[in-house]
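The values are calculated or read from the model by the stated rules, or taken from the named source; none is laboratory data. This structure is a prediction, so every number in the text was calculated from the model and none was measured. Using ideal geometry, Cβ is built from the backbone for each residue, glycine included, and neighbour counts are taken over all protein chains shown. Remember, those area values only see protein heavy atoms, side chains included, never the ligands or the DNA or RNA. Shrake-Rupley method; radii C 1.70, N 1.55, O 1.52, S 1.80 Å.
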Amino acid sequence: MQQFSFHSPVHAFFGFNAIDNLKTLLEPYRTVCIVSGASSPDKTGFRKYMDEYFKDKDIFWFNRIEENPSINTILKGGKFARECRAEVVIGFGGGSPLDASKAIAAFATNNKGFYELLTEDRLEKEPLPVICIPTTCGTGSEMNNYSIVTDTEKLDKINFAKANTFPKYAVIDPVFLRSLNRKTLYATAFDAFTHCLEGFVSVRANPFSDSHALTGMEIILATFAEGADTSKDETLINFLYGSTLGGIVILHTATTLLHALGYYLTNEKKMHHGTANAVLLPYYLEMMRETGVEKCMVVDALMEKYGFDISRWQNEMGYDVTITEILSDEEIEAMVDYALTKKNSEWTPFAAEREFILEVLKRY
């Protein structure tokens with residue numbers, strides 16, 4: 001075994017009633033900034049929970065996070081947290097609010113332009129401490145320092161990740177998944193599955209990441225095999241655990257070409273990120289098979305073990321379609337050209353050659 005390293009510094013609390021730990025975690029702080037979308041705090045009961053148990057805190061809500069948060073939103077959030085003199089940031093919601101909370105915590109203490117701060121290897125001033133509370137089972141953002149921000153002018157996704165932008169704590173309670181609709185839950189579960197899969201085959205993979213990736217893939221596939229009944233708590237906790245493992249995996253391995261291609265569908269077609277990955281997954285598997293990626297045999301064996309029918313679950317999300325039904329030939333070429341500029345593509349386990357990728361994508 002060759003030498004390798006790993007680092008997973010987030011202190012996480014997982015399982016039903018994990019939210020009760022928030023009472024202890026917030027004890028040192030008086031002023032709290034909560035970063036979320038517009039509706040999730042009310043829909044999940046989180047706002048009521050905060051009002052009931054934290055009457056002694058000054059709580060400020062920055063509930064303006066859109067899907068795929070923009071640079072402008074991040075800068076506004078940093079200013080908001082700065083002006084309310086927040087001592088801690090809570091990121092509450094799906095991947096977008098969690099990612100945004102980490103960047104907002106950084107800009108709260110570093111009042112600079114987005115690209116100016118992006119170019120700094122390490123932030124001059126420590127970000128505010130962050131507590132992440134996920135309400136979806138997809139990104140695993142609560143377990144890493146990644147913060148995906150959208151440049152709306154360039155139609156590009158940028159990872160604002162620094163050595164000191166990890167959440168301090170993660171409170172991972174499946175209770176908050178109960179308000180998710182079925183399509184969203186499945187889409188986010190596919191995102192988690194592709195995190196584990198891409199991390200497993202990534203050229204940056206190591207024995208530590210592989211163990212988490214294999215466990216994550218197996219638990220997600222087994223849950224789909226059982227029917228993925230979203231009314232059952234077992235489904236929620238399994239998908240959420242797979243997502244958490246996936247977040248740890250990509251911290252060490254990053255993602256690959258699949259995610260880079262998916263970004264284009266999200267940017268240009270406004271497709272949910274997890275759904276985009278689900279649509280692209282059969283093509284990516286075919287690329288790995290044709291180029292002889294050995295680890296793909298392990299993935300195929302797992303899918304066969306659990307009778308995993310990708311098209312069935314694509315249909316459940318309303319996207320049992322081919323790429324050629326979504327994009328024109330010119331758009332497919334633009335997608336590949338875009339993907340090959342992204343850092344993710346460098347970690348792909350086969351030679352990411354433009355003509356080969358195009359041929360597979362246009363094949364059916």
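Residue-wise test of (1) among the aliphatic types (A, V, I, L, M); (2) in a helix (DSSP H, G or I); (3) without any contact (Cβ under 8 Å) to a residue 60 or more places away in the chain.
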site: Gln3; (1), (2), (3): no, no, yes
site: Ser8; (1), (2), (3): no, no, no
site: Lys23; (1), (2), (3): no, yes, yes
site: Val32; (1), (2), (3): yes, no, yes
site: Ala38; (1), (2), (3): yes, no, yes
site: Lys43; (1), (2), (3): no, yes, no
site: Lys48; (1), (2), (3): no, yes, yes
With the checklist (1) open to solvent by less than 10 Å² (accessible area, probe 1.4 Å); (2) touching a residue at least 60 places away in the same chain (Cβ under 8 Å) in hand, flag the one item Lys183 doesn't pass.
-> (1)
Output the number of the condition that Asn63 fails; it satisfies all remaining conditions of (1) of a type in the set (S, T, N, Q); (2) surrounded by 17 or more Cβ atoms within 10 Å (Cβ to Cβ); (3) within 30 Å of Ser209 (Cα to Cα).
-> (3)
Only one of Leu236, Leu258, Leu285 is in contact with a Phe, Trp or Tyr (Cβ under 8 Å, 6 or more places away or on another chain) and aliphatic (A, V, I, L, M), namely Leu258
Just checking, which of Val249, Val171, Val203, Val175 is out of contact with any strand residue (DSSP E or B) (no Cβ under 7 Å at 6 or more places or on another chain), among the β-branched types (Val, Ile, Thr) and crowded, with 22+ Cβ neighbours inside 10 Å?
-> Val249
Unmet criterion (only one of (1) outside any loop (DSSP other than H, G, I, E, B); (2) within 24 Å of Phe224 (Cα to Cα); (3) polar (S, T, N, Q); (4) open to solvent by less than 50 Å² (accessible area, probe 1.4 Å)) for Asn267 | (2)
With the condition kept exactly as written, say whether any residue in region 104-119 is open to solvent by 10 Å² or more (accessible area, probe 1.4 Å) and among the charged types (D, E, K, R).
-> yes
Among Tyr338, Tyr319, which is hydroxyl-bearing (Ser, Thr, Tyr) and in a helix (DSSP H, G or I)?
-> Tyr338
Would you call Asp233 surrounded by fewer than 15 Cβ atoms within 10 Å (Cβ to Cβ) and touching a residue at least 40 places away in the same chain (Cβ under 8 Å)?
-> yes
Residues of region 341-356 being surrounded by fewer than 16 Cβ atoms within 10 Å (Cβ to Cβ), of a type outside the set (A, V, I, L, M, F, W, C) and assigned to a helix (DSSP H, G or I), in sequence order, are Lys343, Glu346, Arg354, Glu355
